[in-house]
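The values are calculated or read from the model by the stated rules, or taken from the named source; none is laboratory data. A quick note: this is a predicted structure, and the numbers were derived from the prediction, not measured. Glycine also receives a Cβ, built like all others from the backbone with ideal geometry; neighbour counts cover every protein chain displayed. When the accessible area is computed, the model is the full protein with side chains, heavy atoms only, and any ligands, DNA or RNA have been set aside. Shrake-Rupley method; radii C 1.70, N 1.55, O 1.52, S 1.80 Å.
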Amino acid sequence: MAEYKTTVALEIGSQSVTMGVFTPAGRGFALSRYARRDILLDPVEEGMRMDYVGNAIAEMVQELKVRGSDVRNIVSGQQVFMRFIKLPAIDLDDLAEQVGYEAQQHIPFPLEDIIYSYQELADRGEGEREVLLVAIKKDVLDNLNTQVEASSLRTRSVDCAITSLYNAFRANYDEDEPVMLLDIGAKTTDIIFAEEDRFFTRSVTAAGAFITNSIAREFNLSFRDAEQRKIEDGVVSLGNGYTDAMSEEDAALATVIRTAMSRLSSEVQRTINHYRAQYKGNAPTKAYICGGGARLPFALEFLQSALNIPVEYLNPVDVLSVGPKVDEAELEQDAICLGSLVGAAITGSGEGEFNIDLVPTSVGKDRAEKKLLPKVAIAGALALAGAGFFAYAANQAATSSAAVLAQAKVADDRVGALNSQIENVYGKYESEMKKIQQFAELYKMRGAYAEVLQQLSAKAASIKFWFNEFAPLINYDVDAKEFGEKGELSATRLLDMRGGRAKMDSSARNSAPDEVDTRKVSKAPMVTAIYVSGFAVKPTKADGLDQHQMMQDLVYNNFDERSADSLFSFTESKLKETQKHYMQFVSPKDDKGLPDYVERFFMILPLKSPIAIPELNAGKK
């Protein structure tokens, strides 16, 4: 049953902080008041983000007069890890324990370094239980919570922007057909599919900052100046002579934005294909757009043309009434950015389909202490009752001591028997859990390479280049040194597409073949990186394109480890600093037999989660 109470919601995004106050109104909520602050930082100022966030929260607390309130926080999708986990078809009652085990396997950080929450998804009759797992690094969450508490607020819950937005959508729209939500934020665009009993989401890096970076490169501007230019003069060119009436500079700006938006539409189309192929979903018949990036003039029209489906602006406040202190004209402009705030109020009322709660360390301690208070009171009462009992027993000791001792012995014998049974059952339980863990490892390994190949195929599809070799690398450390002349890595390949299984031993790690010593095996072999090679078409002089830069940008933007679904482990800055460790090109002059219009390239892509090699591990103790 819905419980409509006054709710203060706070969303901490990548380039903005928004706070809203929702009060009960009839059988729902009213948006009583809200405030928003933009936080525009150059990438070099990233270390100052928390200071800016803290100042913005403090200003809004004073403006909205909510000092001392409980607050429902929302963190951006870019800050969390989201995984769809299929649990083994085993009837175990403790779902939390199963999810905890799976979290260790799917999140690329130690379990003690993360905070996670989960929700079981609707049963689609496929014989497996599916869970949405949402995790965030503990230090990130605690730092955000510190800024909240420093402004005299108390964290009541922490939700994820993606699930909160989904709750707001479901509260406002009754869609029978499959639809798609595009939340175009600063650093990521969250793509959400809503279809009957199906839910799926994926985040891509083609978003507001990607457009700003494109403008900065084209016009040689700082990030801050490029963002200002985008806000003041930016529009999405619709092609077909649309820019003819513009000044030369404005036309160039509109064209750059259109090119960047084309990247977004391509990522959306890839995600639709992935959703249909892997999750057996249906193609969306309509899309709703929201977020700061949706404010770009003609973004809606461009996406409608590119995706070839109807596109509308999401209005998450349609289900709410509006308080007298809210400027309705201003709200009309800001509504597409308030979806997650509305979702937090819906979640708090118990009406949301998702109830994700990421608990900061200090909040978790407070909850544990409050939960313990009733037990302490009961223990005190039992102690008093016990004291009274023993006083009575002392008075009756002369006549009843023998009977009491006999009863105590019977009870002690029963407890001993129960303890033996418990130890027996627990031993069997531990044995079965070990078997489950082995099966789960095998199950995970079964699809590991397929998932890597699928991501490469989906994110690196191009007519300008193609792969001809894919090789898992054993215990390869990408920071150790640049890979050898012309990409020779035979000593560390698990598989060689040109000759089957590579001849090597399990101790190989960045060593040339003549350096491998089969007597020195210091650790179990794991596949830690993927080696791919292929050919790229060299552009003609008329094209004026930098093929190397184009491929480098593709790797930067698609495989950066900060992307929620990336399987690889590197950041754009690290890759730029040590580029030759990750990517090399070979001139046709140095590669005999190749025509001069193509060139060969090699790439090393380190994995976030190493893949075990059962065959080589067999027999190890």
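Listed values, structure above:
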{"quantity": "Gained length - Q62 relative to D366, 0.36 nm times residue gap less alpha-carbon distance", "calculated": "106.9 nm"}
{"quantity": "Residue-normalised accessible area of region 100-139, expressed per residue, 1.4 Å probe, Å²", "calculated": "46"}
{"quantity": "Region 185-239: GluC sites (Glu not before Pro) in DSSP coil with no more than 16 other Cβ atoms inside 10 Å", "calculated": "E196"}
{"quantity": "Ranked packing of 353-361, 305-313, most packed first, by mean Cβ within 10 Å", "calculated": "353-361, 305-313"}
{"quantity": "Karplus (6.51, -1.76, 1.60) ³J(HN,Hα), θ = phi - 60°, over region 282-294, in Hz, Gly and Pro reported as x", "calculated": "9, 5, x, 9, 7, 10, 10, 10, 7, x, x, x, 6"}
{"quantity": "Of all accessible heavy-atom area on region 1-136, the percent that carbon and sulfur account for (1.4 Å)", "calculated": "48"}
{"quantity": "Karplus (6.51, -1.76, 1.60) ³J(HN,Hα), θ = phi - 60°, over region 354-361, in Hz, Gly and Pro reported as x", "calculated": "10, 9, 8, 9, 8, 9, x, 4"}
{"quantity": "Placed amide H near L153: partners under 5 Å, 5+ positions off or other chain", "calculated": "G68"}
{"quantity": "Sequence ranges 341-348, 601-608, 72-79, ranked by mean other-Cβ count within 10 angstrom, highest first", "calculated": "341-348, 72-79, 601-608"}
{"quantity": "Average accessible area per residue (Å²) across region 236-349 - probe 1.4 Å, nucleic acids and ligands excluded", "calculated": "45"}
{"quantity": "Heavy atoms of K137: accessible area, 1.4 Å probe, square angstrom to 10", "calculated": "60"}
{"quantity": "Carbon + sulfur, % of accessible area of region 151-249 - ligands and nucleic acids excluded, 1.4 Å", "calculated": "40"}
